[in-house]
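Worksheet: one structure, shown below.
The values are calculated or read from the model by the stated rules, or taken from the named source; none is laboratory data. Quick caveat: nothing in here was measured; it's all calculated off a predicted structure. Glycine gets a Cβ as well: all are built from the backbone with ideal geometry, and neighbour counts include every protein chain shown.
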Amino acid sequence: MIHSLFLVNASGDIFLEKHWKSVVSRSVCDYFFEAQERATEPENVPPVIPTPHHYLISVLRHRIYFVAVIQSEVPPLFVIEFLHRVVDTFQDYFGVCTEAAIKDNVVVVYELLEEMLDNGFPLATESNILKELIKPPTILRTMVNTITGSTNVGEQLPTGQLSVVPWRRTGVKYTNNEAYFDVVEEIDAIIDKSGSTITAEIQGVIDACVKLTGMPDLTLSFMNPRLLDDVSFHPCVRFKRWEAERILSFIPPDGNFRLLSYHVSSQNLVAIPVYVKHNISFREGSSQGRFDLTLGPKQTMGKAVESVLVSSQLPRGVLNANLNPSQGTYTFDPVTKMLTWDVGKINPQKLPSLKGTMSLQAGASKPDENPTINIQLKIQQMAISGLKVNRLDMYGEKYKPFKGIKYMTKAGKFQVRT
Amino acid sequence: MTDSKYFTTTKKGEIFELKAELNSDKKEKKKEAVKKVIASMTVGKDVSALFPDVVNCMQTDNLELKKLVYLYLMNYAKSQPDMAIMAVNTFVKDCEDPNPLIRALAVRTMGCIRVDKITEYLCEPLRKCLKDEDPYVRKTAAVCVAKLHDINAQLVEDQGFLDTLKDLISDSNPMVVANAVAALSEIAESHPNSNLLDLNPQTINKLLTALNECTEWGQIFILDCLANYTPRDDRESQSICERVTPRLSHANSAVVLSAVKVLMKFMEMLPKDLDYYGTLLKKLAPPLVTLLSAEPELQYVALRNINLIVQRRPEILKHEMKVFFVKYNDPIYVKLEKLDIMIRLASQANIAQVLAELKEYATEVDVDFVRKAVRAIGRCAIKVEQSAERCVSTLLDLIQTKVNYVVQEAIVVIKDIFRKYPNKYESVIATLCENLDSLDEPEARAAMIWIVGEYAERIDNADELLESFLEGFHDESTQVQLQLLTAIVKLFLKKPTETQELVQQVLSLATQDSDNPDLRDRGYIYWRLLSTDPVAAKEVVLAEKPLISEETDLIEPTLLEELICHIGTLASVYHKPPSAFVEGSRGVQHKRLPGSAGSGESESQDTGSAAGVTEAPPAVIPSQGDLLGDLLNLDLTPPTTTGPPPPSSGMQMGAMDLLGGGLDSLLGGDLGGSPAMGAGFSAPTAAMPASFNAPVSGGLDDLFDLGGGVGLPMGAYTPPKTIWLPAMKAKGLEISGTFVRRAGVIQMEMTLTNKAMSVMTDFAIQFNRNSFGLAPAGPLQVLTPLSPNQSIEVALPLSTVGPVMKMEPLNNLQVAVKNNIDVFYFSCQYPISMLFVEDGKMERQVFLATWKDIPNDNESQFQIKDCHLNSDAASNKLQGSNIFTIAKRTVEGQDMLYQSMKLTNSIWVLAELRVQAGNPNYTVCLKCRAAEVSQGVFQCYEAVLKN
């Protein structure tokens, strides 16, 4: 199982280590540093690195490498999933997961890691349970603790860990009972030069924020559950009921959680919300290149396309870009050659465009590669797959909760080739 | 107020200061001090000097302080074992605390203190905690057993903790079950053969029930454990699959992949025509695709596994090509894996799309990726024949870009395409030649030279081109030099008139001016060939080359099967069996896919029940009753011909008429009373007797002996003689013997000893029907009467055209020997290697096809222990016994010998022999359509290799 964990920052320093079995010398990380040096980009460090006696499995999150050391045959996904859980927990506790935040809360971090893993076996990874064991630091609590001498550590047995619903803590009480669900969809797409879709798929999630008293039992039904043929559920969802009736039935954890994630595959027709007209060209022998980009809404069902951000990695030979946006602002970083255009909202009457010239290094030959355009966007109140919640009911408790459902579409890895 | 303040102690005497604070009366100050100590510890500072002071803080009812002290203890107990003892009492006390949280915490921490002295004290509290009323404590204690086992395995066994742990598998709480499984799995890893996780339908049922209710991590442990189970039949297999499938919808990708492993493995047992089989296949695709939308690290592991899955069952993902298309900001390790899978999924249906993508990738920035993309185009051409033309034109387009590394890579793959489709795309050679000057990488240069040499007759200026390379001959890498040498020799053979000078030049460069032995030797060989026999040289150098195929980059089927059983593990990421890299390879068992139901066994059952004799003991057969009947039943005779008859005709041959008399005379009147005989032996007892001692076939015998004497350089293995018939049971006649194969003839060599008081005469021999139709090819040659205390050596040639009946064991032979005193029966076993014929060497291609063709459940694997031969010596030795090595591969220091042998009845046996340098244990993998022979063949391997 997992032997040790090292946290390594971007400059290659180990700033925290934790061992669950015997101590593994930090020199084991030298193999990791070697791989890090070889990698051209920070994210290119291979996730599994063999060393003579151990294996290093790492993830990169928030510019921190979480390097787990294992010795025997352990499923790598198990380790990676666990590391993600560590990151999520830190973020949950400290708001951000940065080197500074971790150092600021090092004792809590240590206590958390101790609770999450025992001898390499996961112990408590549910945020609900952890919070019962170790209270998250807040300014107020820290002050109170300093004055009264009480601690962050809960005195109670984490009751939830043993019940049939280990994800929910007991004795939950709220004055305002509310349940909010966000249906968020991301479109991953590759659009080719001519504007036709090579591949497009939707990654959707339903995130919930449930603050309900007692042990509520919820059911959520959809207008068009057929869309959901590839789903991953939170453990609280009763799978049998879904199989039989296509209804989500569950006792929710308390607070924020991801109820389900789903995937609408490339075999279904996926609506593409924007189109891009582009002309990025270089002429042989000239030190100038043309840059011409226009965006327009495509299949948006009448909803506005907002927070549009266009970015593109221009060829290495480009020295500078002199462009003129019809709206928004653009920046060009001459070192990384990254062009970013913050468009904002697309007005269908007056399509946003970015036109101008790029200057090349004098005497340099025409660049070989074609830049790819990356697009981010948001569309409120619409799930692009067409998924719609039909109704939400609550059983098991008497009060009437306040319910809300929000839809949102975003661009995930939305790439246009030129 | 944050914890960073704990890091900011730069004052002198830090330790001293902390010590003072730790001993403070104020609780608050104590806690702060412990926090500071922990903080220093986390960043690697040595604060072990404070051990006694910190331990003193342990006696507290403040839970946080207690935990902090525990943290400290775990870290430093090892370096301060004597001090750690001081803490023991508190632990023992805490283990009886009314609060289960504290009980669990105490037992958990104690397990983490890796000090021998402490472990002794741990046993009692642990035993209590394993039976604690609170499941939280029980599940913590279960893990603690694994910890303790790691420190002191013997102690755990002596204390009987393993049994308690096994009991916990039946616990009512799913979390306890999961942890018990996890602990047992970990312990089992260091005890490969202990049957710790004894899986039977009842435990499986319990595990499946717990699976639904435990945490995601517990599900992983349980699923991994389930994967080790082999269901009894397809029904059970299906029911497990049904209960595991819901796990495919879990949010935790590790759970999903472990479930995929279980399903991939158990699916093997399901009949393919079952509806459920199809449903299951369909259900596997979406979760695998979903894994690809996760974080890149997860994607990487998933992709490595998908790579295995698509090789085993391409149908699962055949429609999902698009999800493997590369996004430009994927990390490089994801990009490269996706490319691999794209090629594996490429088919006629989607090739156009794939090619368009690959062409797009070839213009990207990342050099490694671009190179691999270009290579991928070449692999597509080789894989999908219909696309070859399009691939070639795509490659030509890419060559036009003149991007140096793209051009070079393209030329390397075009060479491969030429080798797959000879005489088809040579028109592009001109374009290739244009880029000759830009090639600076050895591989590309070598490829180009190969092309020029191979097609020298179509390239007008081939000699000039090659000459230009020759100028800097000594600066080239060996690869290029070798290639250049061969190419020029080819050129010379094709255009001898104008290139004489060139070939002389290269030969002298290679043989005289080079230090490289490979190059020099090749040069000399060509030189001699050309000078002695140019025609032979032409045949050698310009011989037709075998076509290459896409299989070259597939994982070997046996390895693939093993890897499928390891889906989700490190083995699946490295595509190597765990034995190849797991530390010390302890506890590594080769896993295999279960065979599918309902095939393979039928034959053995039929024959088994038909033959009443099969249960006969291998020793002497009691001489009476129905056994006799069987033994003497009609087809008993030695056919008089010794020519090589068609092996399958054994049956008819046996039915020939000659026997009646032979039998009669053989058995004489002694058996007259036996009723079983009556019918079969009514034939007249005329002429035959004389022929028994007739010298006619004596000459034959001599011939055989001669043949044996000349022998092969590496003789076939001959087992030593053993006593078949002890004198006590045969009225003074003792027979010992063995079997040999000499010059293609099987002989039974016997020593007959007369231990009785009277002379023995009139020897004769007969065989019962047997598995391979062995029968004496001539009468038993005992020419002189055997006087008391005299021995005689006899060699009896055998044919394999006698009547066939399956025996148990397969190589059992029941023999009747007659002399003037009585008829005696005995049975003996012959080594199956006697039956390996001389033309048992299979064609490589045929071998590959056959290997794949034979169903996997006909495969069996054996270990040969303590064999200290290297693979070549082993191969030589085996060849002496007509086990032929067809090919040899070396993977990771392991030699894989692919061998074939043919039995006299035309049964082919294919084998894979794995020899690891320095490891005396060989592994033999046998595949044969008649799986029953495997055991016998294995015995031969063992016998041959060890003698």
Could you tell me whether any residue of region B:810-833 is surrounded by fewer than 17 Cβ atoms within 10 Å (Cβ to Cβ), of a type outside the set (D, E) and touching a Pro at 6+ places or on another chain (Cβ under 8 Å)? no
Residue match in region A:395-412 (condition: assigned to a strand (DSSP E or B), under 26 Å from B:V326 (Cα atoms), of a type in the set (G, A, S) and touching a residue at least 12 places away in the same chain (Cβ under 8 Å)): yes
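For region B:229-258, name all the residues that are of a type in the set (A, V, I, L, M, F, W, C), assigned to a helix (DSSP H, G or I) and facing chain A (nearest Cβ under 10 Å).
Our first condition is that a residue be of a type in the set (A, V, I, L, M, F, W, C); within region B:229-258, this holds for B:240-241, B:244, B:248, B:251, B:254-257.
Narrowing further to those that are assigned to a helix (DSSP H, G or I): B:240-241, B:244, B:248, B:254-257.
B:L248, B:A254, B:V255, B:V256, B:L257, listed by residue number.
Residues to consider are A:A200, A:A189; find the one that is touching a helix residue (DSSP H, G or I) at 6+ places or on another chain (Cβ under 9 Å) and in contact (Cβ under 8 Å) with a residue 24 or more places away in the chain. Spell out the reasoning first.
Details: A:A189 fails: touching a helix residue (DSSP H, G or I) at 6+ places or on another chain (Cβ under 9 Å).
Of A:A200, A:A189, the one residue that is touching a helix residue (DSSP H, G or I) at 6+ places or on another chain (Cβ under 9 Å) and in contact (Cβ under 8 Å) with a residue 24 or more places away in the chain is A:A200.
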Hey, any hits in region A:68-78 for a residue that's under 18 Å from the mean Cα position of the chain (by Cα), within 11 Å of another protein chain (Cβ to nearest Cβ), modelled with pLDDT of 85 or more and over 30 Å from B:L73 (Cβ atoms)? yes
Residues of region B:721-744 being surrounded by fewer than 20 Cβ atoms within 10 Å (Cβ to Cβ) and touching a Pro at 6+ places or on another chain (Cβ under 7 Å), which ones? B:E734, B:T738
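When the residues of region B:42-65 are narrowed to those that are facing chain A (nearest Cβ under 9 Å) and assigned to a helix (DSSP H, G or I), which ends up nearest to the chain's Cα centre (by Cα)? Spell out the reasoning first.
Kept after step one, since they are facing chain A (nearest Cβ under 9 Å), are these residues of region B:42-65: B:42-44, B:62-65.
Then drop every residue that is not assigned to a helix (DSSP H, G or I), which leaves B:42, B:63-65.
Working: B:T42: 45, B:L63: 53, B:E64: 53, B:L65: 54 Å.
That would be B:T42.
Please indicate, with yes or no, whether at least one residue in region A:369-378 is part of a strand (DSSP E or B) and touching a His at 6+ places or on another chain (Cβ under 7 Å).
Taking region A:369-378 and keeping what is part of a strand (DSSP E or B), we get A:372-378.
If we keep only those that are touching a His at 6+ places or on another chain (Cβ under 7 Å) as well, we get A:373.
Within region A:369-378, one or more residues are part of a strand (DSSP E or B) and touching a His at 6+ places or on another chain (Cβ under 7 Å).
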Can you find a residue that is part of a loop (DSSP other than H, G, I, E, B) and touching a Pro at 6+ places or on another chain (Cβ under 6 Å) anywhere in region B:82-93? no
Filter region B:98-125 down to the residues that are crowded, with 22+ Cβ neighbours inside 10 Å, away from chain A (no Cβ under 14 Å) and charged (D, E, K, R) and list them by number. none
Is region B:78-92 home to any residue that is more than 29 Å from B:N173 (Cα to Cα), in contact with a helix residue (DSSP H, G or I) (Cβ under 6 Å, 6 or more places away or on another chain), surrounded by 20 or more Cβ atoms within 10 Å (Cβ to Cβ) and away from chain A (no Cβ under 11 Å)? yes
Looking across region A:226-254 at residues that are under 21 Å from A:I129 (Cβ atoms) and aromatic (F, W, Y), the single one that is farthest from the other protein chains (Cβ to nearest Cβ) is A:F250
Does any residue of region B:827-835 turn out to be in contact with a Ser or Thr (Cβ under 8 Å, 6 or more places away or on another chain) and assigned to a helix (DSSP H, G or I)? yes
Going through A:L60, A:L83 one at a time, which residue ends up being modelled with pLDDT of 90 or more, assigned to a helix (DSSP H, G or I), within 21 Å of the chain's Cα centre (by Cα) and within 11 Å of chain B (Cβ to nearest Cβ)? A:L83
Of all residues in region A:386-400, which are crowded, with 17+ Cβ neighbours inside 10 Å and either within 14 Å of another protein chain (Cβ to nearest Cβ) or in contact with a Lys or Arg (Cβ under 9 Å, 6 or more places away or on another chain) (or both)? A:M394
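Are any of the residues in region A:196-207 farther than 21 Å from A:G386 by Cβ and either under 17 Å from the mean Cα position of the chain (by Cα) or outside any strand (DSSP E or B) (or both)?
Just the residues of region A:196-207 that are farther than 21 Å from A:G386 by Cβ, to begin with: A:196, A:198.
Next cut, either under 17 Å from the mean Cα position of the chain (by Cα) or outside any strand (DSSP E or B) (or both) only: A:196.
The answer is yes; a qualifying residue exists.
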Among helices (runs of 4 or more DSSP H) entirely within region B:144-224, at least 3 residues that are away from every other protein chain (no Cβ under 14 Å) and under 22 Å from B:K261 (Cβ atoms) occur in B:201-213
Given region B:413-488, what helices (runs of 4 or more DSSP H) lie entirely inside it while holding 1 or more residues that are in the same structural domain as B:T499 (by the TED database)? B:442-454, B:462-470
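Is region A:49-56 home to any residue that is assigned to a strand (DSSP E or B), touching a Leu at 6+ places or on another chain (Cβ under 7 Å) and among the hydroxyl-bearing types (S, T, Y)? If you could, list the steps in order and put the result at the bottom.
Filtering region A:49-56 down to residues assigned to a strand (DSSP E or B) leaves A:49-50, A:55-56.
Filter once more, so that each one left must be touching a Leu at 6+ places or on another chain (Cβ under 7 Å): A:49, A:55.
Retained after the next criterion (residues that are among the hydroxyl-bearing types (S, T, Y)): A:55.
The answer is yes; a qualifying residue exists.
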Going through A:Y93, A:Y65 one at a time, which residue ends up being within 22 Å of the chain's Cα centre (by Cα), modelled with pLDDT of 90 or more, more than 7 Å from every other protein chain (Cβ to nearest Cβ) and within 24 Å of B:I38 (Cβ to Cβ)? A:Y65
Six or more apart or on different chains, Cβ atoms under 8 Å: show the pairs whose first residue is in region A:203-231 and hydroxyl-bearing (S, T, Y) and whose second is in a loop (DSSP other than H, G, I, E, B). A:T213/A:V172; A:T213/A:K173; A:T213/A:Y174; A:T213/A:N177; A:T213/A:E397; A:T213/A:Y399; A:S221/A:R246
